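Undergrad: Here it is, the structure in full.
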Amino acid sequence: MPTDSRRVPGPQDSRSPHWYGKHATRQEGDTRPDGRGDHDLRPVYLHAGVVSQATGSAYIEMGQTKVIAAVYGPREIARREEFTMKGRLCCELKFATFACRRRRQHIQDNQEKDGALIVLQALEPAVCLDRFPKSQVDVYITVLQDDGSALAAAITCAAAGLADAGVMMYDIVAGCSVRQCGERQLLDPSVGEELSQEGESAEDHGMVTVGLLPSLNQVSALTLDGHLQQQTAVQAVKTCIGGCQGIYPILKDCLVTSTRKKIPALDPKSSHASTEGQNGQT
Amino acid sequence: MSSTLGVLSDAERLFIVHGVQDDLRSDGRACEDYRHVQVETDVVSNTSGSARLRLGNTDILVGVKAEMGEPDPGRPKEGKLEFFVDCSANASPEFEGRGGEELAIEVSNALQRIFNSRSTLDLTALCIIPEGQCWVLYVDVLVLECGGNLFDAVSLAVKAALFNTRIPTVVVTADDEGQQEIELSDDPYDVKRLDVDNVPLIVTLSKIGHRHVVDASWEEELCSLARLTVGVTQKGTIAGLNKEGSGSLDPESIYEMIESGKKVGMVLNSRLKEALEKEENSKREKIGFLG
């Protein structure tokens, strides 16, 4: 396990007491623990422009999942490499050490590196990289609390941050997850549903995350963990795309609000009628 | 990933894209054809299981070492699998030092993803004493040469090496005070093997132009902006899926790619099984690296 020599490490083999308790299992029933239907999203709160130092930033809450993203750039590439006509997008994803049930290390672990790569590849098709040659844009994402679908929230949040930074984009990216337990498809799962062992023995079980460019109808991120039949996998991807389409209006709304704040002439008090026109601009 | 492997002129690119469109690739294959695969198991004597695989110019060596360790507290009755991928500088000068690290992480995450599910490999068979001792299988992948389609080649080699893995039998006895003691069998042939029937293989589908190809050579990888790595089991179940590359994909083409990935993966699985069983039953002399 990688350790940071500059920090005082905790005891090497400490364990959370939760390991010794019983895992809460979901009762068989039609509704989910929080009373949602299978294809319902949790309430989403999205706000752009939360970090004043950054060029752009965003904060998202999906149920209890909380993610913050800050975007810096376009700026000069730190270690000058070859000349490139295309800009570079860099992405870092970090879970706060207290974000999950088990305590995380300060050093980025493999899961975080993998998540960062998925988010990067989800954003890359959306950004007009040829508009800022020789420079790079950095996206830093911190998951403050993980209550399921953290990766999907990270994708949505990072895209909102990029748009808030004024980076030219072809489209925004919305992320959404589906948990497949046997026959059931649970949209936007919470952490209990992600970890539940229900359906583990069934033929179909797994977790699908999709990043969608909604107005171009292109899938920019797709990852599936678990075992699914081909038909179920296709169905799960379709459900995810539906979920992403549900998040799109929230993203649009958030960006309109943050743009209005930046431009005094567009103060909401003076122009109520132009809301319709603003939507297209984002 | 592909940018590290060289550059391609526009004319070459166009040639490849047009070829793929007409279902005839530059080496004479159709879009869903694999290159010739050579696999040999039991090539490194210091391992519990090993395999060497050549797929076109891609050359992979996998060694599996079984050691004893403590199980994860969350899964006390299961053994562990650990993947380490090393892109040696042999494969490409870009991999020197820390250069290959990013690619190595990508590959080991892809392996992790397809082995994630419990139905893949019976990890409870690797348990020695619940909550005490279990077998930890270290799967070390060494990339000796990189000629395109690394993910598929690595997954084939890993499955072959796991097929070849032999874990010594241990007996747990309790002494008078109730202390458990582990005893290793003296007979070197007293071993158990892993059931690898459900282990998936990765099929990478690269989108080139409007079509997709399997088993892309490195030139073809340079022409492709988006790839889909699909884990497929022998029964045709999709076990792990990931989109890679800087491009995006149309939903319809994703569904098509999953379908052809499943088709190709099932054939690949049965061919590998055939080849491994044939190799084991024949008394052929080992070729090793001289072949």
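The values are calculated or read from the model by the stated rules, or taken from the named source; none is laboratory data. None of the values given here were measured: they were computed from a predicted structure. Cβ coordinates were reconstructed from backbone atoms using ideal geometry, including for glycine residues, and neighbour counts include every protein chain displayed.
Undergrad: From the set of residues in segment B:169-183 that are more than 33 Å from the chain's Cα centre (by Cα), of a type outside the set (Asp, Glu) and not in a strand (DSSP E or B), which is modelled with the lowest pLDDT?
TA: Filtering first and then ranking leaves B:Gly178.
Undergrad: With respect to B:Asp250, determine if the residue is within 14 Å of chain A (Cβ to nearest Cβ) and of a type outside the set (Gly, Ala, Ser). Break it down stepwise before answering.
TA: On the way: within 14 Å of chain A (Cβ to nearest Cβ): yes; of a type outside the set (Gly, Ala, Ser): yes.
In short, yes.
Undergrad: Would you kindly identify the strands (runs of 3 or more DSSP E) lying entirely within segment B:202-291 that contain at least 2 residues that are more than 21 Å from A:His227 (Cα to Cα)? Outline the logic, then answer.
TA: Numbers: elements: B:211-214, B:226-232, B:238-244.
Here the list reads B:211-214.
Undergrad: To continue, here is another question. Read through the list (1) crowded, with 23+ Cβ neighbours inside 10 Å; (2) of a type in the set (Asp, Glu); (3) without any contact (Cβ under 8 Å) to a residue 60 or more places away in the chain, then give the number of the only condition that A:Asp164 fails.
TA: Single failed check for A:Asp164: (3).
Undergrad: Still on this structure, I have one more. For segment B:151-166, what are the residues that are hydrophobic (A, V, I, L, M, F, W, C) and touching a Ser or Thr at 6+ places or on another chain (Cβ under 6 Å)? Steps first, answer last, please.
TA: From segment B:151-166, those hydrophobic (A, V, I, L, M, F, W, C) are B:151, B:153-154, B:156-158, B:160-163; that's our starting set.
B:Phe151, B:Ala153, B:Ala160, B:Ala161 - these are the residues of segment B:151-166 that are hydrophobic (A, V, I, L, M, F, W, C) and touching a Ser or Thr at 6+ places or on another chain (Cβ under 6 Å).
Undergrad: I'd like the residue in segment B:216-247 that is of a type in the set (Ser, Thr, Tyr) and within 10 Å of chain A (Cβ to nearest Cβ) and, out of all such residues, is nearest to A:Leu117 (Cα to Cα). So that I can check it myself, show each step before the final result.
TA: Filtering segment B:216-247 down to residues of a type in the set (Ser, Thr, Tyr) leaves B:217, B:224, B:229, B:233, B:237, B:246.
The next check asks that each one be within 10 Å of chain A (Cβ to nearest Cβ); those that pass are B:229, B:233, B:237, B:246.
Values: B:Thr229: 14, B:Thr233: 25, B:Thr237: 25, B:Ser246: 10 Å.
Here the answer is B:Ser246.
A quick yes/no check of all residues on (1) in contact with a strand residue (DSSP E or B) (Cβ under 7 Å, 6 or more places away or on another chain); (2) in contact (Cβ under 8 Å) with a residue 60 or more places away in the chain:
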{"site": "B:Leu150", "(1), (2)": "yes, yes"}
{"site": "B:Leu162", "(1), (2)": "yes, yes"}
{"site": "B:Gln179", "(1), (2)": "no, no"}
{"site": "B:Ser185", "(1), (2)": "yes, no"}
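Undergrad: Being surrounded by fewer than 21 Cβ atoms within 10 Å (Cβ to Cβ) and within 13 Å of another protein chain (Cβ to nearest Cβ) is the requirement here; does A:Lys94 meet it? Reasoning before the result, please.
TA: Values: surrounded by fewer than 21 Cβ atoms within 10 Å (Cβ to Cβ): yes; within 13 Å of another protein chain (Cβ to nearest Cβ): no.
Criteria not met by A:Lys94.
Undergrad: So, in segment B:63-83, how many residues would count as being more than 11 Å from every other protein chain (Cβ to nearest Cβ) and not charged (D, E, K, R)?
TA: Counting residues in segment B:63-83 that are more than 11 Å from every other protein chain (Cβ to nearest Cβ) and not charged (D, E, K, R) gives 8.
Undergrad: With the condition being among the β-branched types (Val, Ile, Thr) and closer than 28 Å to A:His18 by Cβ, I'd like the strands (runs of 3 or more DSSP E) fully within segment A:50-135 carrying at least 1 qualifying residues. Break it down stepwise before answering.
TA: Details: elements: A:56-62, A:65-76, A:88-95.
In segment A:50-135, the matching strands (runs of 3 or more DSSP E) lie at A:56-62, A:65-76.
Undergrad: So which residues in segment A:211-222 are more than 8 Å from every other protein chain (Cβ to nearest Cβ), within 13 Å of the chain's Cα centre (by Cα) and touching a residue at least 40 places away in the same chain (Cβ under 8 Å)?
TA: Of all residues in segment A:211-222, those more than 8 Å from every other protein chain (Cβ to nearest Cβ) come to A:211-212, A:214-215.
Going one step further and asking which of them are within 13 Å of the chain's Cα centre (by Cα), we end up with A:211-212.
Passing the criteria: only A:Gly211.
Undergrad: Could you check segment B:253-276 and list, in sequence order, the residues that are more than 14 Å from every other protein chain (Cβ to nearest Cβ), hydrophobic (A, V, I, L, M, F, W, C) and touching a residue at least 12 places away in the same chain (Cβ under 8 Å)?
TA: B:Leu268, B:Leu272, B:Ala275, B:Leu276, listed by residue number.
Undergrad: Please verify whether B:Glu279 is more than 9 Å from chain A (Cβ to nearest Cβ) and modelled with pLDDT of 90 or more, treating the condition exactly as stated. It would help to see each step written out before you state the result.
TA: Details: more than 9 Å from chain A (Cβ to nearest Cβ): yes; modelled with pLDDT of 90 or more: no.
For B:Glu279, the condition - more than 9 Å from chain A (Cβ to nearest Cβ) and modelled with pLDDT of 90 or more - is not met.
Undergrad: Also, I was wondering about something else. Hey, can you tell me all the residues within segment B:10-54 that are closer than 29 Å to B:Leu81 by Cα and of a type in the set (Phe, Trp, Tyr)?
TA: Within segment B:10-54, just B:Tyr34 meets the criteria.
Undergrad: Still on this structure, I have one more. Could you please find all residues in segment A:167-192 being charged (D, E, K, R), surrounded by 23 or more Cβ atoms within 10 Å (Cβ to Cβ) and over 17 Å from A:Val143 (Cα atoms)?
TA: From segment A:167-192, those charged (D, E, K, R) are A:171, A:179, A:183-184, A:188; that's our starting set.
Pick out the ones that are also surrounded by 23 or more Cβ atoms within 10 Å (Cβ to Cβ) and you get A:179, A:188.
If the condition is that a residue be charged (D, E, K, R), surrounded by 23 or more Cβ atoms within 10 Å (Cβ to Cβ) and over 17 Å from A:Val143 (Cα atoms), then A:Arg179 is the only one that fits.
Undergrad: Considering only segment A:134-142, I want to know if a residue exists there that is under 30 Å from B:Pro73 (Cα atoms) and either away from every other protein chain (no Cβ under 14 Å) or in contact (Cβ under 8 Å) with a residue 24 or more places away in the chain (or both). Step through it out loud before you land on a result.
TA: First, pick out the residues of segment A:134-142 that are under 30 Å from B:Pro73 (Cα atoms): A:141-142.
So of that shortlist, the ones also either away from every other protein chain (no Cβ under 14 Å) or in contact (Cβ under 8 Å) with a residue 24 or more places away in the chain (or both) come out as A:141-142.
Yes, segment A:134-142 has at least one match.
Undergrad: Tally time: how many residues in segment B:28-72 are crowded, with 16+ Cβ neighbours inside 10 Å, over 20 Å from B:Leu201 (Cβ atoms) and polar (S, T, N, Q)?
TA: Number of matching residues: 2.
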